[in-house]
2 protein chains.
Amino acid sequence: MDGNKKISIAVIKRLPRYYRYITELLENGIAKVSSQELSRRMNLTASQIRQDLNCFGGFGQQGYGYNVEVLHKEIASILGIPDPFNVIIIGAGNMGQAIAKYENFNKRGFVFTGIFDKNPNVIGQDINGVKVAHIDTLEDFVKENKTDIAVLCIPKENAMEIARRVAALGIHGLWNFSSTDLHNIEEEFGTVVENVHLTDNLMVLGYRISELRKNGKN
Amino acid sequence: MDGNKKISIAVIKRLPRYYRYITELLENGIAKVSSQELSRRMNLTASQIRQDLNCFGGFGQQGYGYNVEVLHKEIASILGIPDPFNVIIIGAGNMGQAIAKYENFNKRGFVFTGIFDKNPNVIGQDINGVKVAHIDTLEDFVKENKTDIAVLCIPKENAMEIARRVAALGIHGLWNFSSTDLHNIEEEFGTVVENVHLTDNLMVLGYRISELRKNGKN
């Protein structure tokens with residue numbers, strides 16, 4: 001892929017979905033796929049798919065379709081998957097532990113390397129092969145171990161302080177599960193932040209159910 | 001609020017964030033707030049905030065701002081919060097358990113009422129005050145207990161089958177943590193679906209880190 005070409009964020013957000021489908025095809029030994037077939041599986045129009053895949057040079061052949069292996073490699077390369085990302089988790093509560101044990105991440109090139117907490121009751125506990133360490137050892141750990149992403153699974157009260165501490169260590173990515181927004185971290189430190197506001201998402205679902213009922217469809 | 005007025009989905013998606021901030025203000029005993037103050041806290045422009053709040057009748061007074069309590073009630077009512085939603089969880093693995101224990105949901109009016117699995121090793125286990133039941137008892141449970149939302153925390157292989165089973169029971173909302181898309185459920189059953197594709201989100205983060213590094217900003 002031409003590393004200089006800029007891909008729109010809308011296409012980027014669809015890429016993991018393409019990656020998932022194409023990985024499935026690859027795992028099932030399927031060598032080629034048409035945009036019609038992808039369209040059916042992904043609920044996008046075939047022309048949308050052709051347009052998306054053209055964005056990063058994945059040209060299909062008329063009457064043949066796309067080579068699944070090539071497409072898989074291209075998307076993996078755009079998403080930065082050939083280089084695994086080392087991931088630490090801050091907060092060994094329920095959500096932190098669930099993330100640590102989520103097997104899909106490993107398959108997608110994210111390696112769980114450390115987990116930190118301040119609660120003496122969990123420190124030393126083994127979670128998916130990694131011992132929970134005290135949060136005060138974070139700085140030493142990051143100095144000695146390449147760390148790409150920190151996952152914040154801590155209460156919102158501490159989120160900003162820990163986010164600044166993590167970003168100051170030069171960690172490039174923050175995956176934020178704390179139900180608060182981390183303002184200014186991107187601007188100040190250049191660290192990229194992705195938020196997973198589960199409660200927000202659940203509330204949108206609640207709203208849509210209320211609307212459905214108001215409209216008497218159900 | 002005028003129940004017939006249609007609010008755009010973009011505004012709806014910002015509502016939980018307004019709700020979070022305004023709940024905080026309320027909890028801190030703050031009686032009024034200006035659009036400038038909300039703007040600073042929420043990283044939106046003041047004019048965007050005025051426009052959003054006008055959408056559902058939350059008119060501020062010149063030189064006074066918005067009444068926090070009134071605003072809180074209005075947003076809660078739009079989001080359907082006065083009526084609690086009963087939530088069951090399908091899959092008592094790590095993610096299912098983390099969701100069951102996530103205390104923020106309860107605060108937002110979502111009540112955890114049941115959890116189901118097929119694994120004999122977890123059936124009967126107590127999770128946040130609720131015993132894990134066998135998935136085969138799902139139909140009986142839903143007949144006897146008002147159930148608004150089912151959270152799918154199961155492997156993608158079973159997701160579609162379980163989603164259809166849940167939707168056929170007349171449950172109005174599906175919150176999908178399985179890393180697969182649930183096509184046609186909305187169309188066929190009228191059940192609303194919100195997806196939390198954690199791996200997709202993490203991959204977008206990975207992509208953004210790669211871009212950051214390519215551009216030599218870090």
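Please treat every number below as a calculation from the coordinates, not as lab data. Keep in mind it's a predicted model, so treat the numbers as computed, not measured. Using ideal geometry, Cβ is built from the backbone for each residue, glycine included, and neighbour counts are taken over all protein chains shown.
Taking 0.36 nm per intervening residue step and subtracting the Cα-Cα distance, what contour gain separates A:Asn28 from A:Lys143 on full extension? Don't skip to the end; give the middle numbers.
On the way: separation 115, 0.36 × 115 = 41.40 nm, distance 4.15 nm.
Length difference between fully extended and current span is 37.3 nm.
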So for the pair B:Leu169, A:Asn54, with labels modelled 7 Å out along Cα→Cβ, what separation do we get in nm? 4.7 nm
Summarise the partner chain shielding of B:12-20 as one whole number: the mean count of Cβ atoms from other chains within 10 Å of each residue's Cβ. 5
Can you compute the FRET efficiency between A:Lys131 and B:Asn201 using 1/(1 + (r/R0)^6), with r the Cβ-Cβ distance and R0 = 22 Å? Round to the nearest 0.05. 0.25
per DSSP, antiparallel bridges as share of beta bridges in chain A, % nearest 5, sits at 20 percent
Show the residues, 5+ positions off or on another chain, whose built amide H is closer than 5 Å to the amide H of B:Ser179. B:Lys156
Is the shape of segment A:9-78 rounded, prolate or oblate, going by the alpha carbon gyration tensor and its root eigenvalues a ≥ b ≥ c, with a/c under 1.5 for rounded and a/b larger than b/c for prolate? rounded
Of all DSSP beta bridges in the protein assembly as shown, what percent run antiparallel (nearest 5)? 20 percent
I need the Kirkwood Rh of the protein assembly as shown: take the reciprocal of the average 1/r across all distinct C-alpha pairs and report it in angstrom. 23.5 Å
On Cα atoms only, tilt of A:46-55 relative to the major axis of chain A in degrees: 60 degrees
Suppose we consider the axis relating copy B to copy A; can you name the residue of B with the nearest Cβ and state that distance in angstrom as an integer? B:Ala98, 2
Say the cut-off is 21 Å between C-alpha atoms; which of A:Lys32/B:Lys156; A:Lys13/B:Lys13; A:Lys73/A:Lys107; A:Lys107/A:Lys146; A:Lys131/B:Lys107; A:Lys107/B:Lys156 go over it? A:Lys32/B:Lys156; A:Lys131/B:Lys107
State whether segment A:66-218 is rounded, prolate or oblate according to the following rule on the C-alpha gyration tensor (a ≥ b ≥ c being the square roots of its eigenvalues): a/c under 1.5 gives rounded; otherwise a/b larger than b/c gives prolate, and the remaining case gives oblate. oblate
Per 0.36 nm of contour for each residue apart, how much would the distance between B:Val111 and B:Val11 grow if the chain were fully extended, relative to their Cα-Cα spacing? 33.5 nm
Antiparallel DSSP bridges in segment B:85-201: what percent, to the nearest 5? 10 percent
Near B:Ile135, within a Cβ-to-Cβ distance under 10 Å, what is the net charge of the other residues, with Lys and Arg +1 and Asp and Glu -1? -1
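From Cα pairs below 8 angstrom and at least 6 apart in sequence, can you work out the relative contact order of chain A, rounded to a whole percent?
Here the relative contact order equals 13 percent.
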If you take each beta carbon of peptide A:188-200 and count the beta carbons of other chains within 10 angstrom, what is the mean? 5
Could you identify which residue out of A:Asp181, A:Asp117, A:Asp200 has the top mean-square fluctuation in a GNM of chain A using Cα springs shorter than 10 Å? A:Asp200
Could you let me know the centre-to-centre spacing of segment A:54-131 and segment A:167-216, using Cα atoms, in angstrom? 19 Å
Computed helical MRE - 222 nm, chain A, DSSP H runs ≥ 4 contributing -39500 (n - 2.57), nearest 500: -14000 deg cm²/dmol
How big is the dipole moment of segment A:102-218 about its Cα centre under a simple scheme where the beta carbon of each Lys and Arg is +1, that of each Asp and Glu is -1, and everything else is neutral? Debye, nearest 20, please. 640 debye
Mind checking the mean number of beta-carbon atoms from other chains within 10 Å of the Cβ atoms in A:91-101? 4
